[in-house]
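Structure first, then comments.
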Amino acid sequence: AQKITQTQPGMFVQEKEAVTLDCTYDTSDPSYGLFWYKQPSSGEMIFLIYQGSYDQQNATEGRYSLNFQKARKSANLVISASQLGDSAMYFCAMREGVTSGTYKYIFGTGTRLKVLA
Amino acid sequence: ETGVTQTPRHLVMGMTNKKSLKCEQHLGHNAMYWYKQSAKKPLELMFVYSLEERVENNSVPSRFSPECPNSSHLFLHLHTLQPEDSALYLCASSQEGQGPKGYTFGSGTRLTVV
């Protein structure tokens, strides 16, 4: 069965340092997409970065990069040069069947990141 | 503003009340979603509408009733809820058929059932 696991309920990082948030997934579908979202205290979920299962290179978006290790089924989010505004909940999500037009996304339980001044 | 607007932001209702949550998207997307977010649990997909037709209904109790009158609006009608239904209800939209893209979420409605 499809599954997303985030094993770190909470993380601390010093401002300006890098931090890695872990995500592992399980799927039998060869075609899938992996997403990371940020949820600040205001509640809205903000899309950060996407990695397709067939993408050869790791995705990057500004200070965000996704460390995609397909054989290990991991999709860790790396945030470089952390800022105080990065303090939030971070969710890893997976969508199966990206070529077949299905709509099923599943989310992990999230990691709460606190950036320290 | 993300382009997806949810109202109200906060709602307190009794178990015998009837209320509705509203979601409006200004992005021209063709799919809309309701998610439930409870503390320490993954987001739970409740309903999916694609081109105003319901395509997913994940075993949600009948006390939750969705409505999608057009591609820009999505409602969640609530009646005779239980205290365990207290949660953050998130609406999202996406443009399907143009490759896998992330959702655009609204800010959510924080629902408390008393």
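Taking GluC sites (Glu not before Pro) in DSSP loop conformation with at most 13 other Cβ atoms inside 10 Å as exposed sites, chain A has its longest uninterrupted site-free stretch at A:18-117. Computing FRET efficiency as 1/(1 + (r/R0)^6) for A:A71 and B:T5, where r is the C-beta to C-beta distance and R0 is 45 Å, gives about 0.60. In chain B, the sites counted are trypsin sites (Lys or Arg not before Pro) in DSSP loop states with at most 15 other Cβ atoms within 10 Å, and the longest stretch holding none of them, exclusive of the sites, is B:64-114.
Pairs from the table (A:K38/B:K36; A:K70/A:K114; A:K38/B:K40; A:K16/A:K73) lying more than 26 angstrom apart at Cα are A:K70/A:K114; A:K16/A:K73. If the chain linking B:T16 and B:H79 were pulled fully straight, counting 0.36 nm for each residue of separation and taking away their Cα-Cα distance, it would gain 22.0 nm. With the simple model of a label 7 Å out from the Cα in the direction of the Cβ, A:Q56 to A:S31 spans 2.0 nm.
Taking the convex hull of the alpha carbon positions in the protein assembly as shown and averaging its projected area over all directions gives 12.5 nm². The distance linking the range B:1-80 with the range A:20-49 is 21 Å (Cα centroid to Cα centroid, whole angstrom).
Read-outs: derived from the displayed coordinates by stated rules, not from any lab. Quantities reported herein were computed from a predicted structural model and do not represent experimental measurements. Please note: Cβ atoms are built from the backbone with ideal geometry, for glycine as well, and neighbour counts cover all protein chains shown.
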